[in-house]
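Everything on this sheet refers to the single structure shown next.
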Amino acid sequence: MALSRAIAFLRSAPRALSLSARKMRSATGCTTSNRQFRPKVSVDKLLVRTFPIRFAPRKQKSAPTATSPRRGTTTPGWPKSLFRARISSTSWDATFTWRPARTALTRSRSLSTMSRLRSTEATSTNSYTQRHEQELEADEHPVRAKLGGEEVLDIQLRGEYAYTALGKGGFRFYDVAQIDNKDFSEKIVTAPVSPWGQKFYVKSKYATAIATPTTLGVDPLRTHDPQNEEQNIHLMYGFLYGTDKYEGLVVIGNSLKDKKDFAGVGTLLDGNPANNFVRRAATFNPDGKLNGAHRITIAGAYAYILCDRGLEVVSLDDPLHPKITAEVGAPVLNEPTGVAVQFRYAFVTDKEGLKVLEVTHLDQPKLIEAARVPLRDARNVYLARTYAYVSNGRDGMAIVDIERPERPKLAQMFNANGELKDTRDIKTGMVSSSQFAFVADGEAGFKIVQLFSPVDNDKFYGFSPPPTPKLVARYKTKGPALIVSEGTDRDRGVDESGNQLSVFGRRGARPFNQQEMQRMYMRNGELYTVTNDPPGRPVDSHTPIKAGDAPAEEKKGSGGER
């Protein structure tokens, strides 16, 4: 009833309230003029746009009638007891929640700390918004707003949304569906529809990183048609995974028991703009083992998390009840900074450079002692087929040949004649027949390096052409460029644990599961290897080798290397 009366009132109001930050001075009164304006009211969204108004002192019990600047005045044309202003400040932007009250308009003490006001919300007491903790929501939040955090420490794009870790600001999502639409002036927003239809943040003490199991929009709770003979999507793909400096692993998504909204973050994939609420599903930090967590990579059903203790391997087979399966700490790893996984190997950067772990069994990584590349300022690593691109800080980009992962070697160092001077992160991507590296170069801004193209590299054909880097673009950022989002995976149908990621084009079509994949390179739980000079006769891959059996000699030149 209260909400319907508010809507009726807004439709019939002859004049509007106004908030003018320029003319407000202190928490005890203001000197705004008493001019009257027509309201700019969107009834459908219940949004009251910014407009000038006069406020009474906070401690005043009744509506003032005097015109003293210190005492304030009421605004003609509005009932004295209609609204009370509740003001929340977020750096330089603010959101206002209007609630029915028995007093005249009052002003929050926090108003004096604000430099600019953007939008307001009209709600009723104990309304839907308050029940869903929407006090800080609005129909728009420009991307420049800090929203409680000092900087964006990590970002991952998936579909129409960009997921970010904002330090003290927790985890926040942005709608970027209109990023290339010229008809939209604000292309990155947190509430594209209405504050009643979404909650795009999860509070945490100090969010440091966020990861998606895949950049594809898979939904494990989608109903399957039995006639398609599809495999089920693993439940872990229904959630997002973040790290917090103090709280460890934060699993983001709605509970499986949630009857109103989709479980996990599937609510962002169902096409319904009225139920986009995200919540914390679980927090995991047993005995503080994940304290100082600052980087997370998902490999199959496992999360590789870098923290104060080194590398922690966390099983996500049951995403709401994670468990640690292994730890790799000092002296093997010395303050690790980045980790990436490709097939049977994990590549880790630390204070000593690039190191390689053997992860045939994802839950039990093992260091390969001889697989090291010394680097003096390694910050992070990104893998692209047979090359590892290391963000090497003041030395620019280190390109490492990993065609033989157990014997990596430095292919070249590239700093664009000194222009790459604070390289923090690198991601690569293809455009037509050319490959580019997108570089977050810290204080030097954002750079784009062309790795190869048909114009200047006649070896651009093939599985993994040798890079011939060349700086082709630069952009000066207002603050340090820290991180680059990974692009959308192409032609990735299965993960490291054998879980299907995408729908294939034919009935019953699917990739190999984990057991089927391991039959290609495992025997009796060990890696299956061959040599150019086999010791005896061939043995069927399904037949266990018995003690004392000696395979017969094979023809010279057959077989291959490990």
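The values are calculated or read from the model by the stated rules, or taken from the named source; none is laboratory data. Since we're looking at a predicted model, the values are computed, not measured. Reconstructed Cβ throughout: ideal geometry from the backbone, glycine too, with neighbour counts over all protein chains shown.
Applying the condition of being part of a strand (DSSP E or B) and either hydroxyl-bearing (Ser, Thr, Tyr) or free of Cβ contacts under 8 Å to residues at least 24 places away in the same chain (or both) to the range 308-322 and asking which residue is nearest to residue 251 (Cα to Cα) yields 315.
For the condition surrounded by fewer than 18 Cβ atoms within 10 Å (Cβ to Cβ) and under 26 Å from residue 151 (Cα atoms), residue 419 qualifies.
For the range 467-489, the candidate set comprises residues that are without any contact (Cβ under 8 Å) to a residue 40 or more places away in the chain and assigned to a loop (DSSP other than H, G, I, E, B); within that set, the residue that is surrounded by the most Cβ atoms within 10 Å (Cβ to Cβ) is 468. Residue-level check: of (1) among the hydrophobic types (A, V, I, L, M, F, W, C); (2) within 22 Å of residue 298 (Cα to Cα); (3) without any contact (Cβ under 8 Å) to a residue 40 or more places away in the chain; (4) buried (at least 18 other Cβ atoms within 10 Å of the Cβ), residue 384 misses just (3).
Just to verify a result, which residue in the range 243-267, among those that are at pLDDT below 80 and acidic (Asp, Glu), is nearest to residue 315 (Cα to Cα)? The residue in question is 258.
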